[in-house]
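Asks: So that we are looking at the same thing, I have put the structure below in structure tokens.
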Ligand SMILES: [Fe+2]
Ligand SMILES: [Fe+2]
């Protein structure tokens, strides 16, 4: 009897060696069970609204956490003269405001993007923008400066623009990313020329940001970004000028 029960148990045991291995690749036909369960979950409009408000509160009200170290500058650094520090504070406040807007832009676009590969690319870029936000925030604190009081306005406006761009389809949305990153890269180039020569720490941060923004733009282009009409490019430049000029003082 014992022997018979043992053989039944043996037959009932699944043959693990033949079971297919879960394939974690995005878009594959076989996905791990936890993904299947997650995919089945439906979020109501209220759930998503609360999620988006939560993200906005975190960007605007909580210290940003970076996944990468602040770009390092070796050796002892000379102190900045008061007028140099004041100039650095204003410029880094503008850059911080730009990163608040970038967070909102990517969140808005990820909300309306359709292709999972594009959603993933936007979320990846948004994570690097969080590093930029944290680095600018930290540098501002080191310099004894404050962030812009207009940040909630930039967040709300950029979020609406991002969601609207996404609603026009993924290629337009990517075109918007590519153009934004191109303009941000040229803005950072200009700021590197305006920062005091002695402010090596701010310079190292902006240099790494510039490198990342170029990569974000290239990624958007490689995924099929369209070139936006010249009038829209000019409107984007105008709104970014409004943001940079007002955040410089406020
Ligand atoms: Fe950025
Ligand atoms: Fe970027």
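Asks: Does the stretch 153-167 contain any residue that is free of Cβ contacts under 8 Å to residues at least 24 places away in the same chain, under 28 Å from residue 57 (Cβ atoms) and assigned to a helix (DSSP H, G or I)? Lay out the reasoning, then the answer.
Replies: Of the stretch 153-167, the ones free of Cβ contacts under 8 Å to residues at least 24 places away in the same chain are 153.
Checking the rest, the ones that are also under 28 Å from residue 57 (Cβ atoms) come to 153.
Now narrow it down to the ones that are assigned to a helix (DSSP H, G or I): 153.
Yes, because at least one residue in the stretch 153-167 is free of Cβ contacts under 8 Å to residues at least 24 places away in the same chain, under 28 Å from residue 57 (Cβ atoms) and assigned to a helix (DSSP H, G or I).
Per-residue answers, yes or no, for (1) assigned to a loop (DSSP other than H, G, I, E, B); (2) in contact with a helix residue (DSSP H, G or I) (Cβ under 8 Å, 6 or more places away or on another chain); (3) buried (at least 17 other Cβ atoms within 10 Å of the Cβ):
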site: 110; (1), (2), (3): no, yes, yes
site: 120; (1), (2), (3): no, no, no
site: 126; (1), (2), (3): no, yes, yes
site: 130; (1), (2), (3): no, yes, yes
site: 136; (1), (2), (3): no, yes, yes
site: 140; (1), (2), (3): no, yes, yes
site: 144; (1), (2), (3): yes, yes, no
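Asks: Sticking with this structure for a sec: In the stretch 164-188, what residues are within 16 Å of ligand 1 (Cβ to nearest atom) and either closer than 20 Å to residue 109 by Cα or crowded, with 17+ Cβ neighbours inside 10 Å (or both)?
Replies: Initially, the stretch 164-188 is screened for residues within 16 Å of ligand 1 (Cβ to nearest atom), giving 176-188.
Correct list: 176, 177, 178, 179, 180, 181, 182, 183, 184, 185, 187, 188.
Asks: As an exercise: evaluate residue 93 against (1) touching a residue at least 12 places away in the same chain (Cβ under 8 Å); (2) under 13 Å from the mean Cα position of the chain (by Cα) and give the number of the one condition it does not meet.
Replies: (2)
Asks: Would you pick out the residues in the stretch 199-226 that are in contact (Cβ under 8 Å) with a residue 60 or more places away in the chain, over 20 Å from residue 248 (Cβ atoms) and away from ligand 1 (no atom under 14 Å from the Cβ)?
Replies: Those that are in contact (Cβ under 8 Å) with a residue 60 or more places away in the chain, over 20 Å from residue 248 (Cβ atoms) and away from ligand 1 (no atom under 14 Å from the Cβ): 200, 204, 223.
Asks: Within the stretch 227-247, track down each residue that is within 16 Å of ligand 1 (Cβ to nearest atom) and under 24 Å from residue 144 (Cα atoms).
Replies: First, pick out the residues of the stretch 227-247 that are within 16 Å of ligand 1 (Cβ to nearest atom): 236, 240, 243-244, 247.
If the condition is that a residue be within 16 Å of ligand 1 (Cβ to nearest atom) and under 24 Å from residue 144 (Cα atoms), then 243, 244, 247 are the ones that fit.
Asks: Take the stretch 79-106 and flag every residue that is assigned to a helix (DSSP H, G or I) and more than 16 Å from ligand 2 (Cβ to nearest atom). Walk me through it before giving the result.
Replies: Start the filter on the stretch 79-106 by keeping residues that are assigned to a helix (DSSP H, G or I), which leaves 82-106.
Once the filter is applied, which keeps residues that are assigned to a helix (DSSP H, G or I) and more than 16 Å from ligand 2 (Cβ to nearest atom), the stretch 79-106 yields 82, 83, 84, 85, 86, 87, 88, 89, 90, 91, 92, 93.
Asks: Please tell me if residue 191 is in contact (Cβ under 8 Å) with a residue 40 or more places away in the chain, within 15 Å of ligand 1 (Cβ to nearest atom) and under 30 Å from residue 141 (Cβ atoms).
Replies: Numbers: in contact (Cβ under 8 Å) with a residue 40 or more places away in the chain: yes; within 15 Å of ligand 1 (Cβ to nearest atom): yes; under 30 Å from residue 141 (Cβ atoms): yes.
So residue 191 passes the test.
Asks: Sticking with this structure for a sec: Does any residue of the stretch 107-125 turn out to be within 16 Å of ligand 2 (Cβ to nearest atom) and either more than 16 Å from the chain's Cα centre (by Cα) or modelled with pLDDT of 85 or more (or both)?
Replies: No, the stretch 107-125 has no match at all.
Asks: So for the stretch 50-71 (the condition being over 23 Å from residue 197 (Cα atoms), within 16 Å of ligand 2 (Cβ to nearest atom) and not in a loop (DSSP other than H, G, I, E, B)), does at least one residue qualify? Give the derivation first.
Replies: Restricting attention to the stretch 50-71, the residues satisfying the condition of being over 23 Å from residue 197 (Cα atoms) are 50-68.
Remaining after also requiring within 16 Å of ligand 2 (Cβ to nearest atom): 59, 64, 66-68.
Cutting the leftovers down to not in a loop (DSSP other than H, G, I, E, B) gives us 59.
Yes, the stretch 50-71 has at least one match.
Asks: A follow-up question, please. Has the stretch 135-145 got at least one residue that is within 15 Å of ligand 2 (Cβ to nearest atom) and either over 24 Å from residue 190 (Cβ atoms) or in contact (Cβ under 8 Å) with a residue 40 or more places away in the chain (or both)? Before you say what the answer is, go through the steps one by one.
Replies: Of the stretch 135-145, the ones within 15 Å of ligand 2 (Cβ to nearest atom) are 135-136.
Still in the running and either over 24 Å from residue 190 (Cβ atoms) or in contact (Cβ under 8 Å) with a residue 40 or more places away in the chain (or both): 135-136.
Yes; the residues of the stretch 135-145 include at least one that is within 15 Å of ligand 2 (Cβ to nearest atom) and either over 24 Å from residue 190 (Cβ atoms) or in contact (Cβ under 8 Å) with a residue 40 or more places away in the chain (or both).
The values are calculated or read from the model by the stated rules, or taken from the named source; none is laboratory data. Worth saying up front: this structure is predicted, and the values here are computed from it rather than measured. Cβ coordinates were reconstructed from backbone atoms using ideal geometry, including for glycine residues, and neighbour counts include every protein chain displayed.
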